[in-house]
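Written out below as structure tokens is the structure these notes cover.
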Amino acid sequence: MIKTELLTKKIVLILFFVCFSVANTVCLAEINTRITDIRFWQSPEEAQIVLDLTKPPKVSEVNLIKDGSLNFNIKNCSFRPGRQRYPLQNPFLEVLTVQEVDKDMSVNVNFKTPTGVQAKTFVLPANERKSDRIVIFLREPAAKQKQKRDAELAEVKQLKSENVKIVVIDPGHGGEDPGTSGHGIIEKNHVMAMGKLVKAYFDRDKKFKAVLTRDGDYIIPLDRRRQIAEHLGADAFVSLHYNYNNTKSIRGIEVYYESPKGAVGEAERLVAEIENKVDFADSQMPSTIDTALSKKELIEKQAKIMYKSKFLAEKTEIKLANTIQELPSRGVKRAGFKVLHSLAMPSILVEFGYVSNSKDASILKNNINRSKLAQSIYAGVSDFLLSEIEDGIDEGYIAYCVHADAKKAAAEKAERLRKERAAKKAKLKKQQDELRKKNELLRKKAASLYKVKSGDTLSKIASKKRVSLNSLLKANALKLNSIIKIGQILNIPEK
Ligand SMILES: [Zn+2]
């Protein structure tokens, strides 16, 4: 215990990077941006502080002060309360102080984190939903994370030995990302509640252990969601969402699994990653990519998983479609969602309905309906996990890859031919240019020489060639009385 603490203390607080916004340069004394809000998000392993601003901020470097506090300045910025101190009961952040510095017309942000906490600060540009932001991202010490991961693995090992199936339920969005909204539904909150219901159904059954990717209002990167499931050796992964469409009449449940297009993209990304020997130092979860896999092997592995995912999607969709009579199902579909890319376990994404449609929304707002839908997820997924589905491959995907490869090869060939033609054309043009230059030189040379004919005199030649007699004499080192002979070659000077 003491040893660990000492170790943690030795871990220097790491600042990953600070992105500087390309803020407009302004007069020193001018206030350019204003902090309008300060928000906090926290997950079990991470925390975020978000400073909302009216315009892109100019942020100084982050300094580490002696006692472990961090400090940065926002130039040409104002903060209406003048000074605000936030004491926090947060495992990643002890205190945050935001203060206007009058003489510099800037705002100073100071925060203190416990030893070993990793911090990242970055500037995010405004989008249609949010203003410009500065985000301070804090993550618990790496050693502590490893301890947790190890404990989880030990538990999983025990469960697997008892033949317990592990299901990872992924409530979409969270924290900074609310997902879609309509008719009083905010997706991130509803799918969170739905996730807890689904988990409760699984946990009542001794044959299963359900794990949520998040159990609070915080954001998790898309890749990490499936990495959590891969790390736990999950037998199935189910991501939960609500849908939206501008066409308000569109409604109903949809169950997705990986699309060939999405899978091909992922296979190419993985091959590129393997080839570039990307390390996963920044990833919390150990990589599950087998670096020895060739593209062909990767595709085969994907095709096997997709074969299973199809059954998982179909079995779940059947249950969902028969849950609430008034809530129709649009069936099983395929899409290249990032959370569906796993090579390790069958994965599906469930859209419970359209919040843009008033009928769907009112059904989804009803607690009894939600419970029924959660139960159907449990029923469909457990049906899949308990049925003996033989191994197989998604033939369609293999055919798609062969076709995609042929298409790619054809495109590459066309490109190669185009380049060859262009090179040939360029070579021909170069040859023609050289020939033209050579001819020009010859022509010039021919024009600059004259063969004396019978009856020629120097002055006759000068007038015929439209040059002065003097220059003709000079060009041939002749004098006015020099004698020229028939057949003699004379230099004709340039005009
Ligand atoms: Zn969603």
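The values are calculated or read from the model by the stated rules, or taken from the named source; none is laboratory data. Model, not experiment: these values are computed from the prediction. Positions of Cβ are backbone-derived with ideal geometry, glycine not excepted, and every protein chain shown enters the neighbour counts.
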Checklist line | Matching entry among LYS160, LYS196, LYS188 (being within 23 Å of SER371 (Cβ to Cβ) and more than 15 Å from the ligand (Cβ to nearest atom)) | finding: LYS196
Note to self: Cβ contacts < 6 Å: first residue within 24 Å of GLU297 (Cα to Cα), restricted to the range 248-269; second residue part of a loop (DSSP other than H, G, I, E, B), any location; separation 6+ or different chain. Result?
What the structure shows: SER259/GLY336; LYS261/GLY336; GLY262/GLY336; GLU266/HIS341
Next item on the list: State whether one or more residues within the range 363-373 are over 16 Å from GLU317 (Cα atoms) and at pLDDT below 90.
Entry: no
Check: Hey, does the range 394-401 have a residue that's within 16 Å of the ligand (Cβ to nearest atom) and over 13 Å from SER309 (Cα atoms)?
Finding: no
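Yes/no per residue for (1) more than 16 Å from the ligand (Cβ to nearest atom); (2) in contact (Cβ under 8 Å) with a residue 40 or more places away in the chain:
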| residue | (1), (2) |
| --- | --- |
| LYS319 | yes, yes |
| ARG334 | yes, yes |
| GLU351 | no, yes |
| SER358 | yes, yes |
| SER362 | yes, yes |
| ILE368 | yes, no |
| ALA374 | yes, yes |
| GLY380 | yes, yes |
| PHE384 | yes, yes |
Check: Do we have any residue at all in the range 234-247 that's at pLDDT below 95 and within 22 Å of PHE311 (Cα to Cα)?
Finding: no
Note to self: Out of everything in the range 453-495 that is basic (Lys, Arg) and part of a loop (DSSP other than H, G, I, E, B), what residue ends up being farthest from ARG443 (Cα to Cα)?
What the structure shows: LYS479
Note to self: Would you confirm, using the coordinates I've provided, whether VAL168 is crowded, with 16+ Cβ neighbours inside 10 Å, away from the ligand (no atom under 16 Å from the Cβ), at pLDDT 85 or above and assigned by TED's automatic domain parsing to the domain that holds LEU386?
What the structure shows: yes
Next item on the list: Assess whether ALA406 counts as being exposed (fewer than 13 other Cβ atoms within 10 Å of the Cβ), assigned to a helix (DSSP H, G or I) and hydrophobic (A, V, I, L, M, F, W, C).
Entry: yes
Item checked: Number of positions in the range 319-330 that are closer than 17 Å to PHE384 by Cα and touching a helix residue (DSSP H, G or I) at 6+ places or on another chain (Cβ under 7 Å) -> 2
Check: Could you say which residue among THR4, THR25 is among the hydroxyl-bearing types (Ser, Thr, Tyr), part of a loop (DSSP other than H, G, I, E, B) and at pLDDT below 85?
Finding: THR25
Notebook entry, point to check: touching a strand residue (DSSP E or B) at 6+ places or on another chain (Cβ under 8 Å), in the same structural domain as ASN357 (by TED's automatic domain parsing), more than 30 Å from PRO328 (Cα to Cα) and within 15 Å of the ligand (Cβ to nearest atom), is that true of ILE220?
Noted result: yes
Next item on the list: Report whether or not HIS173 is over 29 Å from the mean Cα position of the chain (by Cα), within 16 Å of the ligand (Cβ to nearest atom) and of a type outside the set (A, V, I, L, M, F, W, C).
Entry: no
Next item on the list: State yes or no: is ALA234 within 14 Å of SER347 (Cα to Cα) and in contact with a strand residue (DSSP E or B) (Cβ under 8 Å, 6 or more places away or on another chain)?
Entry: yes
